[in-house]
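Presented below is the structure to which this report refers.
Quick note: the coordinates plus some simple rules give every number you see, no bench work behind them. Quantities reported herein were computed from a predicted structural model and do not represent experimental measurements. Cβ atoms come from the backbone with ideal geometry, glycine included; neighbour counts cover every protein chain shown.
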Amino acid sequence: MRVRRLGWAGLEIEAGGERMVIDYVRDLSPLFTGWKPGEGLAVASGEARAALVTHLHRDHTDASALASALAPGAPVLRPAPGHGDDVDNVTTLAAERELVLHRLAVEVVDVWSTCDVGPFRVTAVPSVDGLGDPQVNWVVRADGQRIFHGGDTMFHGYWWLVARRFSPFDAVFLPANGAVVDAPHLRPPSPLPAALDPRQAAAAAEILDARYAVPIHYEPEQPDKIAGYVEVADPETEFRTHAGRRAHVMAVGEWLDLAT
């Protein structure tokens, strides 16, 4: 199995001559104020066997990108819709509507459920979202290797349950920007990170017993984010400091071959 970093939280995974994507997004304009069309890294059109999404924030679920990448009828595996009314779900409504518009083969998954898609065995595992929206993380196994994708989870107590069932991991891909989010519909706002900061990501990688710990969910070269979204100043350097020998920083577009 090998894995390519697609930018922000996106991954492309290849095994047995087939591919799948996780949190593949090409249009990040809902989060990046200066994003320009066509800046997102593209995968081959119509070849992905499946898509996994950790949650339906628009910087993790881009229905247009998925529609282009997926083979006809390929599943999009996702967590359950949010609870409550449109105010409660304001951060997921856009992605929900786009999934319907593009008529994708969406399948809602339960935590701890496992399914096989081609050469991939995927399991949805617990995650905690910083804004209160439903979220899962993903364990993907193929070719005798296994990886973990952390979406934009916060630090939580499920790490040890995941580790007992699946560790050691060949690679874990963990958010590391420690974003503090001032969302207008959440009052009073939280001063605490809504996603793992570098120290927390390094701690999670240690619990999961990762050979490679790869920071994601940051784009230091991209334009400014929307107001109310404040990140750690230098996630890469801070993550290297805390993760030590496990740290493996990947450039956008870079492949990691787990068989070597």
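So the values come out like this:
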read-out: Using a Förster distance of 41 Å, the FRET efficiency for V87-E221 (Cβ separation, nearest 0.05); value: 0.75
read-out: Segment Y158-A251, extension gain: residue separation times 0.36 nm, minus the distance between their alpha carbons; value: 30.6 nm
read-out: The chain, dipole about Cα centre (Lys/Arg Cβ +1, Asp/Glu Cβ -1), debye to the nearest 20; value: 660 debye
read-out: DSSP-assigned coil residues among trypsin sites (Lys or Arg not before Pro) in segment 78-171, each with at most 15 further Cβ atoms within 10 Å; value: R103
read-out: Ranking of D152, D170, D224 by count of other Cβ atoms within 10 Å, fewest first; value: D224, D170, D152
read-out: Calculated from backbone phi, Karplus (6.51, -1.76, 1.60) coupling profile of segment 251-260 in Hz, x at Gly/Pro; value: 6, 4, x, 7, 9, 10, 8, 7, 7, 9
read-out: Residues W8, W35, sorted so that the one with the fewest Cβ neighbours within 10 Å comes first; value: W35, W8
read-out: Segment 60-122 shape via C-alpha gyration tensor axes, a/c threshold 1.5; value: oblate
read-out: Lys/Arg +1, Asp/Glu -1 at C-beta; the chain dipole; positive extreme among F32, I147, V136; value: I147
read-out: Value of Rg/Rh across the chain [Cα atoms, Kirkwood radius]; value: 0.93
read-out: Karplus (6.51, -1.76, 1.60) ³J(HN,Hα), θ = phi - 60°, over segment 151-157, in Hz, Gly and Pro reported as x; value: x, 9, 4, 7, 6, 8, x
